[in-house]
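The values are calculated or read from the model by the stated rules, or taken from the named source; none is laboratory data. Bear in mind the structure is a predicted one, so any value in this text is a computation, not a measurement. Here the Cβ is made from the backbone with ideal geometry for all residues, glycine too, and neighbour counts use every protein chain on show. Ligands, DNA and RNA are stripped out before the accessible areas are found, and what is left, the full protein with its side chains, is counted by its heavy atoms. Shrake-Rupley method; radii C 1.70, N 1.55, O 1.52, S 1.80 Å.
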Amino acid sequence: EDHRIHGAYMCALLRSDAETVAAVSRMKGTGTLATLAPLDDGQRTTLLGAYERPPACLSRSPAVRRIVLTLLDPSGPAFRAALDGYARRQLGRGVPSLGSDLSSLYLDEVRGDGTSRYVLATDPADVRAHGVHRLLAGLVDSYVSSLEGGGSFPRGS
């Protein structure tokens, strides 16, 4: 699925300026407005509303569930629950690129010249210290322990 469509949809919902729209249109892979730069609370609320209740044309989109992860606060319980649900679903389907997919959530904010942008954490020390990585590692540890002990995913993880 082409995430540029979702990036354009986000820009339209937030009535982004031409410079931001151009930057989003140049993004590759799973990049969208939400992974370009930090959003304020009002912008997050607007986009979450749109993606938690997508229009009919997007309701079956596999990208929608993943995009919600980029809109939630990574330190909050809603993010943990969404990440857990997403990972379980993808593991159950046997998606081989899940690690690569989720590692794109390791975003660090960089400030400069009065602006703020996200960059992907790639240095092994930065990745290991990243909050999303630590959360994901804890979820995976609980999956492995539960699968070894009882043959199923943990309940209510």
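Note on the range 23-66: among residues that are farther than 25 Å from S100 by Cβ and not in a helix (DSSP H, G or I), the one that is least open to solvent (accessible area, probe 1.4 Å) is P55.
Among residues of the range 88-104 being out of contact with any strand residue (DSSP E or B) (no Cβ under 9 Å at 6 or more places or on another chain) and in a loop (DSSP other than H, G, I, E, B), the one that is most open to solvent (accessible area, probe 1.4 Å) is P96.
Taking the criterion of being assigned to a loop (DSSP other than H, G, I, E, B) and at negative phi, would at least one residue in the range 125-133 satisfy it? Checked the range 125-133: at least one residue is assigned to a loop (DSSP other than H, G, I, E, B) and at negative phi.
For the range 105-123, a residue qualifies if it is surrounded by 11 or more Cβ atoms within 10 Å (Cβ to Cβ), assigned to a loop (DSSP other than H, G, I, E, B) and more than 12 Å from the chain's Cα centre (by Cα), and exactly one does: A121.
For A82, indicate whether it is hydrophobic (A, V, I, L, M, F, W, C) and open to solvent by less than 70 Å² (accessible area, probe 1.4 Å). So A82 fits the description; yes.
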